[in-house]
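Chemist: Could you have a look at this structure, given as structure tokens, before my questions?
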């Protein structure tokens with residue numbers, strides 16, 4: 001059985017390096033706004049003369065379904081959460097970038113050892 005080694009690095013330096021490398025990092029709030037926009041574009045409805053946003057309907061009437069849908073949407077979009085939420089505050093990498101590979105590249109370029 002192969003085990004993967006967790007690479008521990010300084011969160012601030014790593015995030016600065018990600019910015020320099022042009023790796024897009026999304027906050028949970030940014031992704032929730034994108035998910036809400038998708039729901040609003042696809043599933044809004046009008047009752048009488050009042051328009052209701054699909055995201056608001058789902059979030060208020062069934063918050064568990066909203067969260068499950070959000071997680072499925074993240075998986076379908078290949079967003080990967082960055083490590084420890086306490087260090088990174090629930091941020092995500094785009095397009096399935098591999099966090100451990102990025103950390104290894106960071107360490108190699110910065111002269112650190114894994």
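Chemist: Could you check residue 46 against (1) at pLDDT 75 or above; (2) over 18 Å from residue 81 (Cβ atoms); (3) in a helix (DSSP H, G or I) and say which number it fails?
Modeler: (3)
Chemist: Starting from residues that are over 10 Å from the mean Cα position of the chain (by Cα), exposed (fewer than 13 other Cβ atoms within 10 Å of the Cβ) and modelled with pLDDT of 65 or more, keep the ones in the range 68-99 and report whichever is farthest from residue 25 (Cα to Cα).
Modeler: 68
The values are calculated or read from the model by the stated rules, or taken from the named source; none is laboratory data. All values derive from a computational prediction rather than experimental measurement. Heads up, the Cβs are rebuilt from the backbone with ideal geometry, glycines too, and the neighbour counts pull from every protein chain shown.
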